[in-house]
Amino acid sequence: MPKNTVYETDIEFLSILDEDAQFDESLGIEDGEPILSDEQVVYLYEQMWIGRQLDEIAFKLQRSGRMGTYPQNKGQEANAAGSGFAMKKGTDWVVPCYRENIAMNLHGLPYHYILLHWMGDERGNQIPEGVLCTPISVPIGTHMLHAAGIAWSFKLRGEKDRCAITYFGDGATSEGDFHGAMNFASTLSVPVVFYCQNNQWAISVPREQQMASPTVAQKAIAYEMPRIMVDGNDIFAVYKATRDARKYCVENQTPYFIEGVTYRLGDHTTADDARRYRSEEELQQWMAKDPLIRTRKYLESRDAWNDERQLELETHARKVVDEIVNEANSIAEPTTSEIFDSMFAEIDDDLRIQRDTMRTSSIGQNPEQAGLKAQTQNA
Amino acid sequence: MANLTLVQAINLALVQEMEADESVVLLGEDVGLNGGVFRVTEGLAQRFGDHRVQNTPLDESGILGAAVGLAIAGMKPVPEIQFEGFLGPAYDQIVNHAARFRNRTRGAITIPMTLRVPVGGGIHAPELHSDSPEAIYTHSPGLKIVMPCTPYDAKGLLISAIRDPDPVIFFEPKRVYRAYREEVPEDEYTIPIGQAKVVSEGDDLTVVTWGASVFQCLEALDGLPEDVSVELIDLRTIDPIDTDTIAASVEKTGRCVVVHEAPMTAGLGAEISARVQERCFLHLQAPVQRVTGFDTIMPYYKLELEYMPDANRIGKGIRECLAY
Ligand SMILES: Cc1ncc(C[n+]2csc(CCOP(=O)(O)OP(=O)(O)O)c2C)c(N)n1
Ligand SMILES: [Mg+2]
C-alpha cells in the first residue's frame with residue numbers, strides 16, 4: 001500500500017463586524033435580519049460599557065488601597081458579552097476564570113460579588129441561589145474539568161437542553177488539566193463549550209513561547225472536537241459562534257471549542273506592569289480594535305446611537321458602578337467565626353474549639369487544664 | 001557588603017551561582033524578561049541569556065518534570081513556582097519523581113535541583129497566594145526543605161541549596177521580600193542546610209519558629225515583661241530538622257512554644273513537639289504549646305491576619321506556657 005493522507009482538517013476564522021466597523025452581511029444577516037437586533041446590540045454595548053467602567057473603578061480602588069489585586073477585563077469584553085448572551089441563563093452553567101465578569105453578570109451574578117472576591121472576602125463567592133455560575137477561579141487551567149463534570153451530570157440525568165460553557169486563557173491551555181478536560185468532555189461526549197480567550201499573553205509570556213501551534217483552536221483537533229476561531233472583539237462573531245456551538249452541543253451531545261482572538265488592553269493585573277514586556281506599538285494596534293468602539297460605530301451607522309445617548313450611558317454607567325461599589329463596601333466586616341463555619345456541613349469539636357477560643361495552644365484553649373497556675377487565667 | 005532586601009539577596013545568590021557554574025539554569029513562568037512576578041530573577045535573562053533563564057509554558061508539572069530531566073542529565077536546574085498555591089499541579093513530579101530518584105536507583109541517578117517558591121500570607125494577596133504547605137513536603141521523604149527569613153541567611157542557604165546534590169525546596173517568605181534590608185557580603189558564602197539559628201538567647205522558655213513568623217515572634221518577645229528571658233530559634237532549615245539545637249535549648253529552659261503559620265493538625269509543631277518530649281522529657285516543666293494557623297482553609301485577606309499567629313497570640317501562648 002502507498003502512503004496515504006489519513007487525516008486532513010482545517011480551522012475557520014469568523015469575523016462579521018471588523019475593526020473598521022464594516023459589517024459582513026453574508027454572515028451577519030439571517031432571514032433578512034441581523035443576527036442581533038439593534039436593541040440587543042444596544043443592550044450588549046451598554047453591558048460592555050458598564051463592565052469597562054467597573055474595571056476603571058476597580059483599578060482606582062486598588063490604587064487607593066481599598067481593594068486587593070484586580071485583573072481588568074478591558075479590551076476583551078465582547079468575548080464575555082457575546083458568548084454569555086448566547087448561552088441560556090438559568091439553564092446552562094458558566095464556569096469562568098477571571099476575565100468574564102460580563103458573562104457572570106449576564107447569568108445573574110450581581111457585580112458586587114466580583115468586587116468582594118477581589119476585596120479579599122469569600123462572600124463574593126457565595127453565589128446566590130439559582131445563579132448557575134461557579135466562582136472566579138484562581139488556579140489557572142484547572143477549572144475546565146468542572147465544566148466537563150457538570151455537562152456529564154446533564155447527560156446522566158437525561159437533561160437534553162442544557163449546556164456548560166467554560167472560559168480560560170491561552171496560557172491555561174498549557175496545563176495538563178486543560179487536556180484532561182478536553183479529553184473527558186470528548187470521550188464522555190458531553191455538551192460543553194470550551195471558550196478560550198486568547199489575549200496573546202499569559203502575564204509576560206507571549207503566545208509563541210506558550211505554544212508552538214499558531215492557533216489555540218488546533219488543540220481541539222486532537223480531541224476530534226468541532227472548533228472555530230472568532231474575532232473576539234467582534235460581538236456578532238462571538239455571539240454567532242457561541243449560539244451555533246451551543247446548538248451543536250445540545251443536538252449532538254458533544255463539546256465544542258471556540259478560540260476568541262483578543263487582547264487585554266490593561267496590565268495582567270494591578271500587580272503587573274505590561275510595559276516591561278510588550279511594546280507600545282502592539283498596544284496601539286489593538287486599541288484600534290477595541291470592541292466598544294466598533295460596536296458603537298455599528299449602532300451609529302444604523303441610527304440606533306448618537307452622542308446624546310452616549311452621554312446618557314456614561315452617566316448611567318457611573319451611577320450603576322457607584323452603586324455596585326457601595327454595595328460591596330456596605331457589607332459588614334466578616335467575623336472570625338466565618339473562617340471556620342463553612343469548613344464542613346457540620347464542624348468537628350477541634351474546629352469548634354479553635355473557633356470559640358481563636359487559639360490553637362492547648363493551654364490557651366483550656367485554661368483549667370490541670371497544673372495551670374491560677375494567675376494565668378486572664379493571661 | 002551591600003544593604004539588601006530578601007529579594008535582592010536571593011537575586012545576588014542566583015547571579016553568583018550562575019556565574020560560577022554553567023550548569024545552573026533557571027526556569028519558570030515569567031522568570032525571563034519580566035524577572036518573575038516578584039522580580040526575584042530581575043536582570044538575569046538580560047545577563048545570562050534566555051537559554052539559561054527560560055520562560056516556560058504555564059504548566060507547573062511541566063516545569064518540575066523538565067527540571068528533573070535536566071538534573072538527570074547533569075544540569076543544575078533552579079525552577080521557580082510562582083506561588084506556593086500552584087505547587088499542586090507539580091506535586092507528582094516533586095514527590096513521586098524528584099524525591100525518589102536517588103533511592104529507587106540506589107544512587108545511580110540523582111536530582112540536584114533547587115525549587116524556589118514564595119510562601120506564606122500577610123501581603124493582601126488573592127486566594128491561593130498565601131498558604132504555608134511546608135509540612136506536606138517535609139512529610140514526603142527525599143526532599144530537603146529550607147525557609148530562610150533574612151537576606152543574609154537566604155543568600156548563604158540558596159548557594160548551599162544549589163550546590164546540594166539532592167532536591168531542595170527553597171521557600172521564600174514573601175511577606176519579608178521587601179520588608180527590610182540588611183548587610184549582605186558581596187562574596188559568596190554558604191550556610192549549611194540543617195542548621196538552626198539562635199536569634200536571641202534566654203533561659204525561661206524556648207520559641208521555635210521559621211519564615212515570616214520569626215518577626216511576629218520578635219514582636220511578641222518585645223511585649224513580654226523585662227524579667228522574662230526567652231530563647232528564640234529560627235529553624236531556617238525545616239528538613240532535616242536541627243533537633244540538637246532545639247533540644248539543647250529546651251533542656252536549658254524547660255518550656256517550649258512552637259509557632260507556625262500553617263494549620264495546626266499534623267503540622268510541623270506536632271513533629272517538633274514530639275522530638276522535644278523524646279529528647280527533653282525530664283526537663284520539661286510544661287506541655288509544648290503550639291501557636292499556629294487554624295485547621296481551616298487560609299482565609300481571603302480580609303481575615304488573614306486573624307488566621308496568622310500575631311504577636312498578641314504568640315505572647316499569650318508564651319505567658320501561658322510560662323505560668324504552667
Ligand atoms: C496553576 C497556576 N499557575 C500560575 C498562576 C499564576 N498566574 C495567574 S494568571 C497567569 C497567566 C494566565 O494566562 P492566561 O491563561 O493566558 O490568562 P490571561 O491572564 O491572559 O487572561 C499566571 C501564570 C496561577 N494563577 N495558577
Ligand atoms: Mg492570556
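Every number in this text was worked out from the coordinates using simple rules, so none of it is lab data. Values in this document were obtained by computation on a predicted structure and should not be read as measured data. Glycine also receives a Cβ, built like all others from the backbone with ideal geometry; neighbour counts cover every protein chain displayed.
Observations
- Peptide A:116-122 - average C-beta neighbours from other chains (10 Å radius): 5
- Our coupling estimate for segment A:232-247, obtained by passing each phi through the Karplus curve with A = 6.51, B = -1.76, C = 1.60 and θ = phi - 60°, is x, 9, 10, 4, 6, 5, 5, 4, 4, 4, 6, 4, 5, 5, 4, 4 Hz, Gly and Pro reported as x.
- C-alpha long axis of helix B:243-253 to longest principal axis of chain B, angle in °: 20 degrees
- Other residues whose C-beta falls under 15 angstrom from the C-beta of A:ASP348 contribute a net charge of -4, scoring Lys and Arg +1 and Asp and Glu -1.
- Fraction in percent of alpha-carbon pairs per bin - 10 Å, segment B:118-166: 22, 42, 33, 4
- Local net charge near B:GLY28, Cβ-Cβ under 11 Å (Lys/Arg +1, Asp/Glu -1): -4
- Assigned charges on the beta-carbon of Lys, Arg, Asp, Glu; chain B dipole about Cα centre (debye): 620 debye
- For A:LYS89, the aspartates and glutamates whose Cα comes closer than 17 Å to its Cα, not counting residues fewer than 8 places off in the same chain, are A:GLU100, A:GLU129, A:GLU159, A:ASP161, A:ASP244.
- Distant-in-sequence amide H partners of B:ALA179 (H built 1.01 Å from N, under 5 Å): B:LEU6
- Descending semi-axes in Å of segment A:253-364, equivalent ellipsoid built from Cα gyration tensor: 47, 23, 18
- In segment A:94-165, the GluC sites (Glu not before Pro) that fall in loop regions by DSSP, at most 14 other Cβ within 10 Å: A:GLU129, A:GLU159
- A cut-off under 10 angstrom between Cβ atoms defines the neighbours of A:TYR167, and their net charge, with Lys, Arg +1 and Asp, Glu -1, is 0.
- Residue pairs, from the table A:LYS219/A:LYS289; A:LYS289/B:LYS174; B:LYS174/B:LYS252; A:LYS60/A:LYS240; A:LYS219/B:LYS174; B:LYS252/B:LYS316, whose Cα atoms sit over 30 Å apart: A:LYS289/B:LYS174; B:LYS174/B:LYS252; A:LYS60/A:LYS240; A:LYS219/B:LYS174
- Highest GNM mean-square fluctuation among A:GLU208, A:GLU338, A:GLU280, for chain A modelled with Cα contacts below 10 Å: A:GLU338.
- In terms of other Cβ atoms within 10 Å, B:CYS256, A:CYS133 run from fewest to most in the order A:CYS133, B:CYS256.
- Relative to the dominant Cα principal axis of chain B, helix B:213-222 is inclined by about 30°.
- With the largest listed first and rounded to whole Å, the semi-axes of the equivalent ellipsoid of segment A:153-295 from the Cα gyration tensor are 30, 17, 12.
- The long axis of helix B:60-72 is offset from the longest Cα principal axis of chain B by roughly 70 degrees.
- Volume per residue that the Cα convex hull of chain A spans, once the total is divided by residue count, Å³: 212 Å³
- Rounded to the nearest 500, the 222 nm mean residue ellipticity of chain A from helices alone is -13000 deg cm²/dmol, with -39,500 (n - 2.57) taken per DSSP H run of at least 4 residues.
- Here is how the number arises for chain B: DSSP H runs of 4 or more residues each give -39500 (n - 2.57), the sum is divided by the residue count, and the result at 222 nm is -9500 deg cm²/dmol.
- Backbone amide hydrogens, once placed in the peptide plane, bring B:HIS260 within less than 5 Å of B:VAL291, B:THR292, B:GLY293, excluding anything fewer than 5 places away on its chain.
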